[in-house]
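Let me begin by presenting the structure, written as structure tokens, before commenting on it.
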Amino acid sequence: MAYLVASVAGVVFFAMSVVLLGVLPTRALNADMRAMGPAKLPTLTASEQRGRIVYAREGCAYCHTQQVRYVHADMARFGAPTLAWETQFDFPQMWGTRRIGPDLAREGGTRPDDWQFAHLYAPRTVVPLSVMPSYASLFDGAANQPTNDGRDLVAYLSTLGRARELAAPEGEARAREACHCPDDEMAQMAFEMKELNAHPARARRTGPVPALPSAGDRAAGLQLYANYCAGCHGATGAGDGPAAAGLRPRPSNLSAHRYATDRIAETLWNGVAGTSMPAWRDQPLDRIAALVAAVQSLGQNASVDEASRSGDDLGARVYAANCVQCHGERGAGDGFSAASLAIAPTNFLKQQPFQSVALRALTSGIDGTSMAPWTSRLSEADITAVVHYVRSLYTGDAKEGRR
Amino acid sequence: MNDTPSDTARPAALAIDTQLIRAHGLAAIVTLLIAATFGIVASLQLIDPGLTGDVTWLSWGRLRFAHTQGIMFAWLGNAFFAFLYHAVPILTGRPVTSARLGRWLFGLWNFAVIMPGWILVLAGISQPLEWAEFPLVVDAVVVIALLLAIVQFLPPFFSRGIEHLYVSSWYIIGALIFTALAYPMGNLVPELVPGASGAAFSGLWIHDAVGLYVTPLALAVIYFVIPASTRRPIYSHFLSMLGFWLLFFLYPLNGTHHYVFSVIPMSAQLTAIAASTLLGVDVVIVVANLLLSVRGSGVFPRDAGLRFVIMSTIFYLIVSVQGSLQAQMSINQAVHFTDWVIGHSHLAMLGFASFAAAGGLAHAWQRLPIARYNERAISWAFWLMLVGVLVMVIDLTAAGIVESALWRSGAPWLDSVVAARPYWIVRSLSAIPIVAGFVALWIGLTTGPDADVRARTTVAS
């Protein structure tokens, strides 16, 4: 009898825990998901699903959470807190309980595929200070030759946060309404974000750039450059870092360009949309200023560059006939078709490629961008002339438009 | 009313296959060294990520799975089984069900759960659920093994009146039954219930693994070894039973505290937080009762078995109070996801549980007629493990505070990775005393005089 009482008590305790912390929350969550989720939710494709299995078996979830919590530090860094319906198809869940790397709930749309491949293949070539394991076994010997597993995994990464982005903004409004929680501060946090994905490395075409402290510390900048940039741009800035081979377009040759200060600052703050060049909005401004100084010092190797003589007539004519729709009338990269290109055309007022670089751009094009080779359409003389012309447009740090 | 275990209560007729004690004890130590090696290699990979090249079997995530599953099933499982073979006959005055069943259980546990479990997760067949990484095929064997363990160990208790049950017996009965119930829930339900709801069930299991399997068995050891070594009854049987019932009431209700500030309904989060807070109170009761029972023996008594369990009790207090604090929203907000929590789990599994398991082994071994026992080595094991655990836990706790501060400051993510590095190095270094302690434990259980010699010297002195 006593045994019976004890066993019943024990089983009741256990059952109570399952009901209180398992069954009831599940019911509440199911109701939430029905009310707040979009009517039709995209499921994962077969490839994305297989990628999920790779993610699971490699224990990515033990260094990366997939759960933006309702706390300000999380939201500032990653974006909108995770709603229940977002993980509705996660069998089993991979929320994770430890972050050695950042949360990945909003990773989709944060980095382009070539970055993901290069990073998975050899993380320290892309991020020299990383401790993420290399997953070279998902590749056939090079970052741009993923195996099926590798391709599937990156396909899966691109789904993280995708459903929420796709559903927005109607989805957000609907969820907010269905939430019935106007006074619930915590629940409201899910809808406070201007952008669902707040990742500081997500590149964007334009965006306000904060004013930098005037003089950057070049020595500190070079150290930062070694820690953050050398993997792609190479130790000397020649665009030949260990990760460069897998990236399309390849990282710029920083030692063969002159850049206006604000151009570098803008590039660092916003990244280069459409390329693997990340934004660095999480870096303190003095570090950005230091990096700007460092990048400028890489390009000061002017002795190897021919002085730019002022463009002659032929150059201007070739340019006007062939280049304006992209690079813009004044060379500011704002031609009428520029906006429709995945990667913005070069702004020659702010960026001066060395002679050799510009020549190569015209003879070979820039792989991975809409800049095609011109050798079939322009004569050698035309090319030489237009190269001189575009280089003469550079205004450096002077006010844009001075010509 | 309760039969306090004593040294003399082991009638020769009950000498259940001591082979099983030895087999599980040695399996425990061997697998402990293997499981620790997985952890150490994983920790070194955080210092030198290229350490093991591109060998997929030794990839960080897979080692992480093998490490924790190994500690939980292989080391603690075997050590607790060894202890049960020693304790159950003494507690009940009856033999366990069958020596043959014992050999099956041993074989199943080691060669159908641990070995294949390790091989499969390292080969990439696993589930990404914390404390449940072995794949479902292995889980099925685990459930069978747990049922066999119930058949093996519980009938002796039931064939005796409940009024004779000592508190260790309660814990043993509770642990075996509730692990068998909770295990399938934690391993299977998240495969069937997605996302947030799945996480709610995972949270339940993460805490049940600690609260219904590890903790009760470790407490069973402690409650057993203290009176048996000091030859004095436990301070208060009432407090013992109060602690027992509160534990089984509160522990399962802790689960959702692993997901505070998540989308899981606030009512569940708050329930878990409240239960976590009360659990701290319960543990204070349990520990006070235990420490009052050993007063007069000193914190570091000569008998290494007793010394291990006293230290385990102290760790239990610290880790539980820490757990209650971590569940509070303000602290959870700061330390969740950091190394602080890794420090907490090592304090629980390596401090509290492993010290209890080692104490149980040392205690049983001294009383094994056929085993060698090296007192000095066991004593070394104690000190080495103690130093190692303290260094590791203090170090990881500090690392967690640093990581948390950097995350909240909005600094670049990599700053927190770089800042953690010195702490990770110290953590890896702490493995030296810890593993030396494990090796000393092994030496202590395999060298030294055998029981006959020990008996003679005791008589002579």
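The values are calculated or read from the model by the stated rules, or taken from the named source; none is laboratory data. Everything quoted here is computed from the prediction, not taken from an experiment. So basically every Cβ, Gly included, is an ideal-geometry build from the backbone, and we count neighbours across all protein chains shown. Accessible surface is based on the protein model in full, side chains and every heavy atom, while ligands, DNA and RNA are left aside. Shrake-Rupley method; radii C 1.70, N 1.55, O 1.52, S 1.80 Å.
Worth pointing out:
- Selected from A:Leu212, A:Leu291, A:Leu166 as most flexible by GNM, with chain A as the system and alpha-carbon contacts under 10 Å: A:Leu166
- Folded to 0 to 90 degrees: helix A:170-179 orientation relative to chain A principal axis, Cα: 30 degrees
- Taking Cβ atoms as reference points and 13 Å as the exclusive limit, the residues near B:Gly39 contribute a net charge of +3, counting Lys and Arg as +1 and Asp and Glu as -1.
- Sites matching trypsin sites (Lys or Arg not before Pro) across segment A:1-70 that sit in DSSP coil, with at most 15 neighbouring C-beta atoms within 10 Å: A:Lys40
- In this assembly, the B-A interface accounts for approximately 6400 Å² of buried accessible surface in total, computed with a 1.4 Å probe and without ligands, DNA or RNA.
- Peptide B:47-55, shielding by other chains (average Cβ, 10 Å cutoff): 3
- Where only alpha carbons of chain B are counted, the Rg and the Dmax (Å): 21.4, 69
- Helices meeting the span-like rule in chain B (full DSSP H runs, Cα extent of at least 27 Å along the helix axis, mean Kyte-Doolittle score of -1.0 or higher): B:18-47, B:167-192, B:266-293, B:304-327, B:375-409, B:413-446.
- Whole-percent pair-distance distribution, where bins are 5 Å wide, for the alpha carbons of segment A:35-191: 2, 9, 17, 21, 19, 14, 9, 5, 3, 1, 0, 0
- Cα centroid separation - segment A:359-379 against segment B:296-317, whole Å: 78 Å
- Restricting the GluC sites (Glu not before Pro) of segment A:160-237 to loop positions (DSSP other than H, G, I, E, B) with no more than 15 neighbouring Cβ atoms within 10 Å leaves A:Glu192, A:Glu195.
- Over the Cα atoms of chain A, the radius of gyration divided by the Kirkwood radius equals 1.08; this is the Rg/Rh ratio.
- Efficiency of FRET from Cβ geometry, A:Thr147 and B:Asp450, R₀ 35 Å, rounded to 0.05: 0.05
- Whole-percent carbon and sulfur share, accessible surface of the protein assembly as shown, 1.4 Å: 64 percent
- Every helix of 4 or more DSSP H residues in chain A counts as -39500 (n - 2.57), and over all residues that averages to -12000 deg cm²/dmol at 222 nm.
- Charge context of A:Gln49, other residues only, Cβ under 15 angstrom, K/R +1, D/E -1: 0
- Reference-scaled alpha-carbon Rg (2.2 N^0.38 Å with N residues) for segment A:309-392: 0.98
- Computed from backbone phi, the HN-Hα couplings of segment A:213-223 come to x, 4, 9, x, 7, 5, 4, 4, x, 5, 5 Hz, rounded to whole numbers (Karplus: 6.51 cos²θ - 1.76 cosθ + 1.60, θ = phi - 60°; Gly and Pro given as x).
- For the Cα trace of segment A:218-298, dividing Rg by the Kirkwood Rh returns an Rg/Rh value of 0.92.
- A:Ala2-B:Phe111 FRET efficiency (beta carbon distance; Förster radius 30 Å; 0.05 resolution): 0.15
- The label-point distance for A:Ala219 and A:Ala238, in a model that sets each label 7 Å from Cα toward Cβ, rounds to 2.7 nm.
- Stokes-Einstein diffusion of the protein assembly as shown at 20 °C, 1.002 mPa s viscosity, Kirkwood radius from Cα pairs, rounded to a whole number: 72 µm²/s.
- Helix-only CD estimate at 222 nm, as mean residue ellipticity for chain B, using -39500 (n - 2.57) per DSSP H run (n ≥ 4): -23500 deg cm²/dmol
- For the segment B:167-175, counting C-beta atoms of other chains within 10 Å of every residue's C-beta and taking the mean gives 1.
- Reported to the nearest whole Å, the Cα centre-to-centre distance from segment A:153-195 to segment B:228-251 is 49.
- Protein heavy-atom accessible surface, 1.4 Å probe, per residue over the protein assembly as shown: 38 Å².
- Taking Cα atoms only, the orientation of helix A:2-18 departs from the longest principal axis of chain A by about 30 degrees.
- Under 13 Å, Cβ to Cβ, from A:Val18 - net charge with Lys/Arg +1 and Asp/Glu -1: 0
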